[in-house]
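Computed from the coordinates by the stated procedures, all read-outs in this text should not be read as laboratory data. Given the structure is predicted, the values throughout are model-derived calculations rather than measurements. Counting neighbours? That spans all protein chains shown, and the Cβs are built from the backbone with ideal geometry, glycine included.
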Amino acid sequence: MTIAKTKNKKASSFNTSLVIGITILSLIILVGLIGPLLVDKNMARVGAVKPNLPPSSENYFGTDSQGRDVFTTLVLAIPPTLRTGLIAGVISVTIGLVLGLMAGFFSGGADSIIRTFSDVLVAVPALAFMILVVARMEKPSIIAVAFVVGLLTWSGTARGIRSQVLSIRERSYAAVARANGETELEVLFREVMPNLLPLMMASFIGAVTAGIGIVMALEVLGLGNNVIPTLGMMIFWSQRFSAVLRGMYWWWTPPIVTIAGIFIGLFFLSQGLDRYINPNIPQNQKRKRISPAMSKKRTSEPATAKVKEAQGVLQVNNLQVVYETAAGTVKAVDDVSFTIQPGERMGLIGESGSGKTTMATALMRLSRPPAYIAGGEILLEGVDLLSISDQDIRKIRLKEIALMPQAAMNSLNPVIRVGPQLRDGFKAHFGNIDQKELDNHVNEILRKVGLRPEIVERYPHQLSGGMKQRVAMAVAISLKPKIIIADEPTSALDVVVQKQVMLTLSRLQQELNAAVLLIGHDMGLITQFADTIGVLYAGKLVERGTIEDVLENPYHPYARLLIDSLPSVEGKRDLIGIPGLPPELLNLPSGCAFHPRCPFAMEICHSDKPVLQSPSEGRQVACHLYEKYERLPSIPSIRVDHLLAPSEPIQEG
Amino acid sequence: MENLLNLQNVTKIFGTESVRKREVTLAVDDVTFSISDERPSITAIAGESGSGKSTLSLLMMGQLPPSAGSVFYKGKNLAEMSREEKKALLREVQPIYQDPYAAYNPFYKIDHVLEMPIKNFHLASSKVGARVLIDESLKKVGLRPAETLGRYPHQLSGGQRQRLMIARALLCNPKVIMADEPVSMVDASLRATILSSLLVLNHDLGISIMYITHDLNTAYQISNNILIMYSGAIVEAGSVEKVIRTPKHPYTQLLVSSIPLPSKHKIWGGGETEEAQQSRQKSAGCRFAPRCPRVKDVCWNTKPQYYTPDEERAVACFLYQDSPIMESPDLAQTFRHVK
């Protein structure tokens, strides 16, 4: 969340394409604007100068075989060429905008008429059509041609605008505007229109390019106006009088270079705009998942990783996962260490941005750019998952450590039936096994997760949310892993189905005696399932202990406030929230990241990061308080009226 | 007693016609209840996704016409309202939406959503007057104007944005606020502040609130009364103390027993059966029959009426058919009155 925010803000970071595009185009436009004022227009007349002269100090680009000065002709040819583009662009975008808005606004009848019309237009081959049009003209006029090009190219813009209008009108902010008393027309102009600007700019550039291109193509084919010099006519003349064969490079090169410049400039401009509008499109991402230091560690070790001495089935030591963003490096998981015993059910709780999903992907070594693992160890029964080869980690995934992802609908392939998707795991790990044996396996795991065998014939969309989550569970347990990472497995489900799915996971965990790491934001859900809990705040593990202990007597002030803020059907009480704002990962507070919100913050909390320590048996906490106290002093009461009076400061990020 | 909002046998059917077949969804099924003008209260509409609770809220705001039945606001049928009356309804029944991120047009500073209602509803005669109104409403939800105004939406946290949405609704001087899942996309640590803002609106400013949610925990915390919806119909209604603490309808019981409580002493009981959900049986009587653990023959063919097994509660279930049938069809008569 914090990362996306910053990216938007950093849209102003240097945009090379935009700068290149604008530079090239403004250079050409400048020549087109000022040039004609400075040159002697007579030099572009046929027979004005001696023909066939190579470039010299008098005729910078030489002269052509009809006695025109090439430089002067070129300077005079730029404005009409640009004008055709401009006219075509303006007409195309205006028609597209008006019709697109109408189609999106009125829908129904007007919409189908406009759409039918634009469908027909798409089918018209523009160039061929233009040849016919121009052939019928007595004296081809550039402006008329540009006009017709504009009339032919609006349909793409209209379609784009229409679909945007339809989608934006359904957005929440359009609904808010209606609640604010805006009429539909006002919604269209105030809420929808400004958001169409990027699309209109892109369409405009497209139409300009098409306009210049089509007019030039016509001229090169000889369908231009022989009197007014344009870049297209210059190329036509040079080929008509065999400039290339006669070695008169000075004749044909300047118009071609200029036209190429215009197209390249337009290309960079549209690319740059695209990047400016969608700053979140990944650009030139480095394809690394593990930092350089970590990959060195990986290659320097022998192919078969040494088994280290480790406790538990999974031991995480000083794990660091960072995101590389335009605004800098963000530590999403910062120096986290914990151990899970075989068969343990550990809950990991954190709010959005606390790094819990980043952690889940890192534990599977599935972090993808811009995230990568920057340090630490993930010891699965003593084998460091970060130091083994890509091939070895693939063998371990699913078989030893499996992931049950957040949204099952996204983890299942929508166009493949459930059966084949379940068989994939077996096939990948056992190669060619007997078909019948495979079917038995699949039926067996389906039965285990409470699904009927017929389900293998269904596509994912034919299943309910709970059933899909069960299929994802079936995949996760199919190879009897030693540890299952369940990342908010029920967050998309209703409460009744959530309970049923969790009870099934609970039974399976016992049958397999697998350890489970349940990641989530719902303290109630984690309490129902887990034995122990870890609390994440701003990428750091701040508390670890058994659920009973932590619920009864949370050590870390954040854990205490979080538990106190839970509303419950068990009894009405004052609503207590945590004051202040969730931390921004890019701009973390100094010292303990929680100190700005902490009612117990001391001086040391502003400067020193607390380390995880163990104030009592089986408990760990990262808080400076426990260097002084054994347990948390009673919390100053934070009441509703308190929270409402002074508002929290808004951090500038 | 004057009713602010009154729904009489409101039904909403969505039909989707395709080439092959005509599919009809009964989104809201014969709902009758009212919200009193005299005692502003918080009423929760709770149910799972697809239960019709959001559709019901749209019907109450007049954003959807009912397929059958009528919605009245201050005694006027929404379908027969004049332009001015509709505009008054629009201002006085204000929505708050679920997603505090999508509720802002990224093109504008947040001031935009606050200035719009002032302009459109002519709430202030001068710029200074408008600014005073904005400042007041921001302060009521615990935001400092100097630190909020002039910013773009992405510069505020989810919690702040949602409180700003409450401030926006407040500006319109509403009689009713329809809060559709206002905290489900907000972090746990910030939820309490938003809910307490809603409480302040209700207690101090006398605004009635409809709290539409799937979360019984928060519904219980802030609401006086609750309507439990299942598949378009209200299956149980009454005070939250009765309905949530001692649920009577098997569906409400299932919902309440599925809440994951943050206590090791209250661990989920019951089994993990999902058999009924996998079967696609349909019932012409009680909609819950295919999933009901205590289903009887009568449930499959006859719709249950509202029975009143005790005070402050009505339940649509044949298990309670020996209890008296609710006198008038208005479910609000089961509500606990707020002093």
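Once you charge only the Cβ atoms, +1 for Lys and Arg and -1 for Asp and Glu, what is the size of the charge dipole of the range B:44-187 about its Cα centre, to the nearest 20 debye? Walk me through the numbers before you get to the answer.
Working: 19 positive and 14 negative charges, 100 e Å.
Magnitude of the dipole: close to 480 debye.
With the cut-off at 24 Å, tell me which of the pairs B:53/B:175; A:499/B:264; A:448/B:248; A:468/A:499; B:74/B:248 have Cα atoms farther apart than that.
Values: B:53/B:175 20 Å; A:499/B:264 15 Å; A:448/B:248 33 Å; A:468/A:499 15 Å; B:74/B:248 33 Å.
Too far apart for the 24 Å limit: A:448/B:248; B:74/B:248.
Can you work out ³J(HN,Hα) from phi for every residue in the range A:431-440, in order, using Karplus 6.51 cos²θ - 1.76 cosθ + 1.60 and θ = phi - 60°, giving whole Hz and x for Gly and Pro?
Residue by residue, the range A:431-440 yields x, 7, 10, 4, 4, 5, 4, 4, 4, 4 Hz.
Write down, largest first, the equivalent ellipsoid semi-axes of the range A:29-128 in whole Å, where each equals the square root of 5 times an eigenvalue of the alpha-carbon gyration tensor. Could the numbers behind the result be given before it?
On the way: eigenvalues 443, 45, 13 Å².
The three semi-axes for the range A:29-128 are 47, 15, 8 Å.
Mind checking which of A:16, A:196, A:592 is farthest towards the positive end of chain A's charge dipole, using Cβ charges of +1 (Lys, Arg) and -1 (Asp, Glu) about the Cα centre?
Checking the options against the dipole of chain A, the answer is A:16.
Tell me, what is the FRET efficiency for residue A:391 and residue A:19 to the nearest 0.05, using R0 = 51 angstrom and their Cβ-Cβ distance as r?
Details: r = 44 Å, r/R0 = 0.86.
According to the calculation, E is roughly 0.70.
Please give the helix A:70-106 orientation as an angle from the longest Cα principal axis of chain A, in degrees from 0 to 90, rounded to the nearest 10.
With rounding to tens, the tilt is 50 degrees.
Along the charge dipole of the protein assembly as shown, pointing to its positive end and built from +1/-1 on Cβ of Lys, Arg, Asp and Glu, which listed residue (B:129, A:222, A:358) has its Cα farthest out?
Sorting the options by dipole projection puts first A:222.
Ratio to report: Rg/Rh of chain B, with Cα atoms as the point set and Rh obtained by the Kirkwood method; give two decimals.
Numbers: Rg = 21.1 Å, Rh = 21.3 Å.
The Rg/Rh ratio comes out at 0.99.
Given 4 °C and 1.567 mPa s, compute D for the range B:144-200 with the Stokes-Einstein relation, Rh being the Kirkwood radius over Cα pairs; round to the nearest whole µm²/s. Let's see the in-between values first.
Values: Rh = 12.1 Å.
Taking Rh from Cα pairs, D becomes 107 µm²/s.
Rounded to the nearest 20 debye, what is the charge dipole size of the protein assembly as shown about its Cα centre when +1 sits on each Lys and Arg Cβ and -1 on each Asp and Glu Cβ?
Numbers: 104 positive and 91 negative charges, 426 e Å.
Rounded to the nearest 20 debye, it is 2040 debye.
Starting from the range A:29-110, pick out the chymotrypsin sites (Phe, Trp or Tyr not before Pro) whose DSSP state is loop and whose Cβ has at most 16 other Cβ atoms within 10 Å. Could the numbers behind the result be given before it?
Details: sites: A:60, A:61, A:71, A:105, A:106; in loops: A:60, A:61.
Here the chymotrypsin sites (Phe, Trp or Tyr not before Pro) that fit, given the DSSP loop and packing criteria, are A:60.
If Lys and Arg each add +1 and Asp and Glu each add -1, what is the summed charge of the other residues whose beta carbon sits under 13 Å from the beta carbon of residue B:185? Kindly include the intermediate steps, with their values, before the conclusion.
Working: positive: B:161, B:191; negative: A:351, B:99, B:180, B:181, B:187, B:215.
Neighbour charge sum, excluding residue B:185 itself: -4.
Whole-Hz Karplus ³J(HN,Hα) for the range A:351-360, in order, using 6.51 cos²θ - 1.76 cosθ + 1.60 and θ = phi - 60°, x for Gly and Pro?
8, 5, x, 7, x, 6, 6, 4, 5, 4
What net charge is computed for the residues neighbouring residue A:178, neighbours being all others with C-beta under 13 Å from the C-beta of residue A:178, Lys and Arg scored +1, Asp and Glu -1? Spell out each step's value before the answer.
Numbers: positive: A:169, A:171, A:190, B:86, B:87, B:91, B:168; negative: A:170, A:182, A:184, A:186, A:191.
Taking every other residue near residue A:178 into account, the sum is +2.
Would you tally the net charge around residue B:138, using a Cβ to Cβ cut-off of less than 9 Å, leaving residue B:138 out, and scoring K and R as +1, D and E as -1?
Numbers: positive: B:139, B:140, B:144, B:163; negative: B:135, B:136.
Within the 9 Å Cβ shell, the charges total +2.
On a 0 to 90 degree scale, rounded to 10, what angle separates helix B:83-92 from the longest Cα axis of chain B?
For helix B:83-92, the angle is close to 90 degrees.
Express the relative contact order of chain B as a whole percentage, based on alpha carbon pairs under 8 Å and six or more residues apart in sequence. Could you put the intermediate results ahead of the total?
Numbers: 613 pairs, mean separation 66.3, N = 339.
Taking the mean separation of contacting Cα pairs over the length of chain B, I get 20 percent.
Using only alpha carbons, build the gyration tensor for chain A and give me the equivalent ellipsoid semi-axes, biggest first, whole Å.
Numbers: eigenvalues 816, 177, 159 Å².
Each semi-axis is the square root of five times an eigenvalue, giving 64, 30, 28 Å.
Mind giving me the nanometre distance, one decimal, between the label points for residue A:608 and residue A:339, set 7 Å out from Cα along Cα→Cβ?
Output for this residue pair reads 2.6 nm.
Could you calculate the contour length gain from residue A:122 to residue A:256, that is, 0.36 nm times the residue separation minus the distance between their Cα atoms, to one decimal place in nm?
On the way: separation 134, 0.36 × 134 = 48.24 nm, distance 2.92 nm.
My answer for the length gained is 45.3 nm.
Convert each backbone phi in the range A:36-41 into a coupling constant with the Karplus relation 6.51 cos²θ - 1.76 cosθ + 1.60 (shift: θ = phi - 60°), then list the ³J(HN,Hα) values in order as whole Hz, x for Gly and Pro.
Residue by residue, the range A:36-41 yields x, 6, 9, 8, 8, 4 Hz.
Please identify every one of the GluC sites (Glu not before Pro) in the range B:305-337 that sits in a loop by DSSP and has no more than 10 other beta carbons within 10 Å of its own beta carbon.
On the way: sites: B:311, B:312, B:327; in loops: B:311, B:312, B:327.
Within the range B:305-337, the qualifying GluC sites (Glu not before Pro) (loop, at most 10 other Cβ atoms within 10 Å) are B:311, B:327.
Of A:248, A:173, A:143, which is farthest towards the positive pole of chain A's charge dipole, taken about the Cα centre with +1 and -1 on the beta-carbons of Lys, Arg and Asp, Glu respectively?
A:248
Between the helical axis of B:127-140 and the dominant principal axis of chain B, each derived from Cα atoms, what acute angle in degrees is found, rounded to the nearest 10?
40
Suppose R0 equals 35 Å; then what is the FRET efficiency for residue B:257 and residue A:531 from their Cβ-Cβ distance, rounded to the nearest 0.05? All intermediate terms of the calculation are to be shown ahead of the outcome.
Values: r = 22 Å, r/R0 = 0.63.
Here the calculated transfer efficiency is 0.95.
Return a whole-number percent for the relative contact order of chain A, with Cα pairs under 8 Å and 6 or more residues apart as the contact set. Show your work: numbers first, answer last.
Working: 1082 pairs, mean separation 78.7, N = 653.
Value for chain A: 12 percent.
Where in the range A:315-400 are there chymotrypsin sites (Phe, Trp or Tyr not before Pro) that are in a DSSP coil and have at most 16 other Cβ atoms within 10 angstrom of their Cβ? Kindly include the intermediate steps, with their values, before the conclusion.
Working: sites: A:323, A:338, A:372; in loops: none.
Within the range A:315-400, no chymotrypsin sites (Phe, Trp or Tyr not before Pro) qualify (loop, at most 16 other Cβ atoms within 10 Å).
Separation between the residue A:464 and residue B:245 pseudo-spin-labels, each 7 Å from Cα along Cα→Cβ, expressed in nm?
Placing both labels 7 Å beyond Cα along the Cβ direction yields 3.2 nm.
In chain A, which longest range has no GluC sites (Glu not before Pro) that are both DSSP loop (not H, G, I, E or B) and surrounded by at most 12 other Cβ atoms within 10 Å?
On the way: sites that count: A:58, A:138, A:170, A:309, A:617, A:630, A:652.
With a cap of 12 other Cβ atoms within 10 Å, the longest stretch comes to A:310-616.
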